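Below: the structure, in structure tokens.
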Amino acid sequence: MIVLDTDHISALQYRDGPKAFTLQSRLDSLSLDEIATTAITIEEQMRGWLGLIHRYTDVHRQVAYYERLVRIFDFFAEWQILPFDERAADEFKRLRREGVRIGTMDLKIASIALVNGGTLLSGNSRDFQRVPGVQVEDWLQS
């Protein structure tokens, strides 16, 4: 299974250039049941758009950000979303006890990838390589 981190999902959403095209081409060679993202990625994206909405008191300035927030739901409607479930939470706690020190959200994503036997696609390989057992690749640099 291929699990996309937030940076790879963002590239697909914005389709900004050859990196997104290359990523999409590689994903097109897989079946949909082999591709997923995580509940953490959705949380990160929602927090970003909600933060922008709440930054402005002028409701007219909020409109564009609400539109982007709604597009998240449309985008993820057909995606397989891997949850942060009890298995992932147990893995997260185990990794913390073992002294793995990366950001909380990244460690949650790594935990989800580990318990689902997935290869994580991320541009943040430096941090994810600190997590024992995580297979990480960067398809935006390939």
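Here are the numbers:
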| item | result |
| --- | --- |
| Lone qualifier among Gly103, Gly117 - being surrounded by fewer than 21 Cβ atoms within 10 Å (Cβ to Cβ) and under 21 Å from Ile35 (Cβ atoms) | Gly117 |
| Some residue of region 24-33 being under 19 Å from Leu114 (Cα atoms) and touching a residue at least 24 places away in the same chain (Cβ under 8 Å) | yes |
| Search result, residues across region 1-32 that are among the acidic types (Asp, Glu) and at pLDDT 90 or above | Asp5, Asp7, Asp28 |
| Lys108 being farther than 18 Å from Thr6 by Cβ and at pLDDT 95 or above | no |
| Output for region 24-71, where each listed residue is over 17 Å from Met1 (Cα atoms), loosely packed, with under 12 Cβ neighbours inside 10 Å and not hydrophobic (A, V, I, L, M, F, W, C) | Arg47, Gly51, His54, Arg55, Thr57, Asp58, His60, Glu67 |
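The values are calculated or read from the model by the stated rules, or taken from the named source; none is laboratory data. Predicted, not measured: the structure shown is a model, and the values here were computed from it. Virtual Cβ from ideal backbone geometry, glycine too; neighbours counted across all protein chains shown.
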